[in-house]
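What follows is one structure encoded as structure tokens, with my remarks underneath.
What follows draws every value from the coordinates through simple rules; no lab data is involved. Remember, it's a predicted structure, so these values are computed and weren't measured experimentally. For neighbour counting, all protein chains shown are included, and Cβ atoms are generated from backbone atoms with ideal geometry for every residue, glycine included.
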């Protein structure tokens with residue numbers, strides 16, 4: 001009888017992956033990134049062990065939206081004060097903080113558990129085509 005494999009923290013190997021946000025719609029990119037951050041594509045996937053990879057996203061300012069999301073979609077945040085809800089359209093967020101577009105989409109697709117913050121810490125998003133992780137030699141990943 002075969003035993004179920006359970007990965008141990010000492011057996012984790014992490015890769016560095018590079019994703020271009022201007023290649024596909026934001027939702028499709030976010031699902032792909034969430035899969036890499038959780039490590040679900042690996043045959044050694046274990047739900048309670050965080051064995052995902054590092055993901056570097058470039059060209060966040062050129063993120064693609066389909067339909068009317070460019071004008072209709074709103075991003076909400078709260079200041080912490082009573083009545084302090086703020087909203088911003090995609091154009092406003094793209095102008096000031098283009099990284100937040102990708103980060104918000106990926107955060108929404110990760111499981112809501114204790115591993116989420118650790119997985120989000122391995123996501124590096126850059127507005128332009130240049131990134132600070134060339135020393136790690138990230139391998140380019142095509143988004144289908």
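Legend: ranking of residues 1, 120 from fewest to most surrounding C-beta atoms inside 10 Å; resulting order 1, 120. Here the label points at residue 12 and residue 79, each 7 Å from Cα along the C-beta direction, are separated by 3.8 nm in the simple model. Taking N as the residue count of the chain, its C-alpha radius of gyration divided by 2.2 N^0.38 Å amounts to 1.16. Compared with the dominant Cα axis of the chain, that is its longest principal axis, helix 26-38 is turned about 30°. Cβ-to-Cβ counts within 10 Å put 81, 65, 126 in ascending order as 81, 65, 126, the fewest first. By how many degrees, between 0 and 90 and to the nearest 10, does the Cα long axis of helix 99-109 differ from the longest principal axis of the chain? For 99-109 against the chain, the angle is about 50 degrees.
The order of 20, 87, going from fewest to most other C-beta atoms within 10 Å of their C-beta, is 87, 20. If I model a spin label at residue 70 and residue 136 as a point 7 Å from the Cα along the Cα→Cβ vector, what separation in nanometres do I get? A separation of 3.2 nm, rounded to one decimal place. What is the distance in Å between the Cα centroid of the range 64-93 and that of the range 24-53? Computed from Cα coordinates, the inter-centre distance equals 26 Å. On the basis of the beta-carbon distance and an R0 of 41 Å, residue 1 and residue 116 show a calculated FRET efficiency of 0.70.
Note: relative contact order over the range 41-121, using C-alpha pairs below 8 Å and six or more positions apart, is 25 percent. Take every pair of alpha-carbon atoms less than 8 Å apart whose residues are at least six positions apart; their mean separation over the length of the chain yields a relative contact order of 34 percent.
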